[in-house]
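Structure first, then comments.
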Amino acid sequence: MNFLTNKEKGNSALGIAIGYFSCNGYTVSIPLNDTQDYDLVVEKNSKFYSVQVKATGCKTKYGVYQVALKSCGGTKGKEYKTIIDTKIDYVFIVTADFNIYFIPKEAIKNRSTLNLCGKYEEYKIKK
């Protein structure tokens, strides 16, 4: 997958997440705006989960995909939130080579970036 812009990267990941959850028996709800911490709410077996969707094409010098966990904005690019400070349940991550990870927020300890190394292999969706 070739991400030309951040907006395209985000839209692609969101579409993949909706497709994944829909094909796996979840009911998917999409928020009306983007002021909440989550991108989707999914429901299965009467349980609801809030999901933040991320995509990455960035690799470390060791060839491991890396995902930004913080959001920055404004004129000075100031950090205004990081995933571990939010009230989401899961992070759904899509890599440029279409690997998918569904990671519970409590499994994430880093504040700024997450390297999708062996530590997160158990959360990788099997193709």
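In the set Tyr49, Tyr80, which member is modelled with pLDDT of 95 or more and part of a strand (DSSP E or B)? Give the derivation first.
Details: Tyr80 fails: modelled with pLDDT of 95 or more.
Selected residue: Tyr49, the only one of Tyr49, Tyr80 that is modelled with pLDDT of 95 or more and part of a strand (DSSP E or B).
In this structure, is Ser71 polar (S, T, N, Q), modelled with pLDDT of 95 or more and surrounded by 12 or more Cβ atoms within 10 Å (Cβ to Cβ)? Can you show your working first?
Values: polar (S, T, N, Q): yes; modelled with pLDDT of 95 or more: no; surrounded by 12 or more Cβ atoms within 10 Å (Cβ to Cβ): yes.
In short, no.
Does Phe21 satisfy being over 16 Å from the mean Cα position of the chain (by Cα) and not charged (D, E, K, R)?
On the way: over 16 Å from the mean Cα position of the chain (by Cα): no; not charged (D, E, K, R): yes.
Taking the combined requirement at face value, the residue does not satisfy it.
Given the condition among the small types (Gly, Ala, Ser), surrounded by 13 or more Cβ atoms within 10 Å (Cβ to Cβ), within 11 Å of the chain's Cα centre (by Cα) and closer than 23 Å to Met1 by Cβ, answer yes or no: does some residue in region 85-97 qualify? Outline the logic, then answer.
Start the filter on region 85-97 by keeping residues that are among the small types (Gly, Ala, Ser), which leaves 96.
Then drop every residue that is not surrounded by 13 or more Cβ atoms within 10 Å (Cβ to Cβ), which leaves 96.
Imposing the further condition that a residue be within 11 Å of the chain's Cα centre (by Cα) reduces the set to none.
No, region 85-97 contains no residue that is among the small types (Gly, Ala, Ser), surrounded by 13 or more Cβ atoms within 10 Å (Cβ to Cβ), within 11 Å of the chain's Cα centre (by Cα) and closer than 23 Å to Met1 by Cβ.
Is region 34-48 home to any residue that is of a type in the set (Val, Ile, Thr) and either surrounded by 17 or more Cβ atoms within 10 Å (Cβ to Cβ) or in contact with a His (Cβ under 6 Å, 6 or more places away or on another chain) (or both)?
Within region 34-48 (the criterion being of a type in the set (Val, Ile, Thr) and either surrounded by 17 or more Cβ atoms within 10 Å (Cβ to Cβ) or in contact with a His (Cβ under 6 Å, 6 or more places away or on another chain) (or both)), the answer is yes, since at least one residue qualifies.
In region 111-127, which residues are surrounded by 10 or more Cβ atoms within 10 Å (Cβ to Cβ) and not in a loop (DSSP other than H, G, I, E, B)? Show your work before the answer.
Taking region 111-127 and keeping what is surrounded by 10 or more Cβ atoms within 10 Å (Cβ to Cβ), we get 111-117, 119-120, 123-125.
Answer for region 111-127, where residues must be surrounded by 10 or more Cβ atoms within 10 Å (Cβ to Cβ) and not in a loop (DSSP other than H, G, I, E, B): Thr113, Leu114, Asn115, Lys119, Tyr120, Tyr123, Lys124.
Kindly check whether there is at least one residue in region 21-30 that is outside any loop (DSSP other than H, G, I, E, B) and under 24 Å from Leu4 (Cα atoms).
Taking every residue of region 21-30 in turn, none turns out to be outside any loop (DSSP other than H, G, I, E, B) and under 24 Å from Leu4 (Cα atoms).
Loosely packed, with under 12 Cβ neighbours inside 10 Å and without any contact (Cβ under 8 Å) to a residue 24 or more places away in the chain - does that describe any residue in region 51-61? Don't jump to the end; show me each part of the working.
First pass over region 51-61, keeping only residues loosely packed, with under 12 Cβ neighbours inside 10 Å: 61.
Keeping just the survivors that are without any contact (Cβ under 8 Å) to a residue 24 or more places away in the chain gives 61.
Yes, the conditions are met somewhere in region 51-61.
Run Leu4 past the list (1) under 18 Å from Ile125 (Cα atoms); (2) not in a helix (DSSP H, G or I) and report the number of the one that doesn't hold.
Status for Leu4: all satisfied but (1).
Can Tyr38 be described as touching a residue at least 40 places away in the same chain (Cβ under 8 Å), over 17 Å from Ile125 (Cα atoms) and touching a strand residue (DSSP E or B) at 6+ places or on another chain (Cβ under 8 Å)?
Numbers: touching a residue at least 40 places away in the same chain (Cβ under 8 Å): yes; over 17 Å from Ile125 (Cα atoms): yes; touching a strand residue (DSSP E or B) at 6+ places or on another chain (Cβ under 8 Å): yes.
Yes.
The values are calculated or read from the model by the stated rules, or taken from the named source; none is laboratory data. Since the model is a prediction, treat every value here as computed from it, not as a measurement. All Cβ positions, even for glycine, are placed from backbone atoms using ideal geometry, and neighbour counts span all protein chains on display.
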